[in-house]
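*Asks:* Pasting a structure here, questions to come.
The values are calculated or read from the model by the stated rules, or taken from the named source; none is laboratory data. These numbers come from a predicted model, not from an experiment. Positions of Cβ are generated from backbone atoms using ideal geometry, with glycine treated the same way; all protein chains shown enter the neighbour counts.
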Amino acid sequence: MNDNTFLPGPAPRTVRTADGAVLQIPDDWAFLLPGDAALTRRVKASGDHWVIQEKKGRKTFSRGVWAPAATIDGIRTDLEVERSTDAYAKRKAADARRRDKTQSVYVEDFQGAVVAFLGFHPNHHELAQRLAFAVTQHATPVGSGTVARTKRIPIEQRAEAAVIAWMRHQTTAYDSMPIPRVKGKRREVRRLLAERSRHVLSRYRQGVTPPEACPLQHALQSAASTEPALPCPETSHFRTA
């Protein structure tokens, strides 16, 4: 934790340091909630400020910034003036077009990576395309927080992880499965379901014709279908509806 990064305090207008000490917020300071990245960035760069962060599980969340009220108000006013100009509007439009183009290219590349990971036999080419499209549509939206949005691993690994995650939620009973609150148990269940998903995929890679009620086939059917499907014999833990 940095010198100007704190935890929420036990009372209003207080913060807690990493070693547990409680500090009072200066009277002339105000709290800036997250949401306006440009405003927050400029307030931080302007001088004194305290960043409030809170850790939940493995993730750390920004709760906002304490800074002199006059500083926040002045920068907010400057930004409002800047954002009201035609030049700003044109720049924002250009930025949006650039982001859309970048996103479009990434979606195409990611879907190609999914198809490559699936490696289905030519007999199942259409199914591979449908599955790749479904996984891509779910995993690639900006802000989705899925593995497809990370840059920490190669796109090939992102595609593999996204397929397994999609199958876990769409073709297995994972979402409704009672899992004991025992350390490592959820990870074990996910590993088991991943193995079952890989087994289903392997049949399509080999060109084997799977049962009509195979969970993957069922998951890709029209949402309008309400007929229950029977599980594949080798995948008894896959859900049937």
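*Asks:* Residue pairs, Cβ under 6 Å, 6 or more apart or interchain, first in region 123-152 and of a type in the set (A, V, I, L, M), second in a loop (DSSP other than H, G, I, E, B). List them.
*Replies:* Short answer, once both residue conditions are applied: 128/120; 139/146; 148/140.
*Asks:* Is region 210-232 home to any residue that is outside the structural domain of residue 129 (by TED's automatic domain parsing), more than 21 Å from residue 131 (Cβ to Cβ), loosely packed, with under 12 Cβ neighbours inside 10 Å and at pLDDT below 80?
*Replies:* Yes: one or more hits.
*Asks:* Related question: If I go through region 59-101 residue by residue, how many of them are in contact (Cβ under 8 Å) with a residue 12 or more places away in the chain and of a type in the set (Ser, Thr, Tyr)?
*Replies:* The number of residues fulfilling the criteria is 2.
*Asks:* Which of the residues belonging to region 69-125 are outside any helix (DSSP H, G or I), surrounded by 11 or more Cβ atoms within 10 Å (Cβ to Cβ) and of a type outside the set (Phe, Trp, Tyr)?
*Replies:* Within region 69-125, 119, 121 meet the criteria.
*Asks:* Being within 30 Å of residue 6 (Cα to Cα), in contact with a helix residue (DSSP H, G or I) (Cβ under 7 Å, 6 or more places away or on another chain) and outside the structural domain of residue 32 (by TED's automatic domain parsing) narrows it down to one of 150, 71, 136, 140, so name that one.
*Replies:* Every option except 150 fails the conditions.
*Asks:* Would you mind finding the one in 191, 196, 181, 168 that is of a type in the set (Lys, Arg), crowded, with 16+ Cβ neighbours inside 10 Å and more than 19 Å from residue 111 (Cα to Cα)?
*Replies:* 196
*Asks:* Check off (1) β-branched (Val, Ile, Thr); (2) assigned by TED's automatic domain parsing to the domain that holds residue 29; (3) touching a residue at least 60 places away in the same chain (Cβ under 8 Å) for residue 172 and give me the number that stays unchecked.
*Replies:* All conditions pass for residue 172, except number (2).
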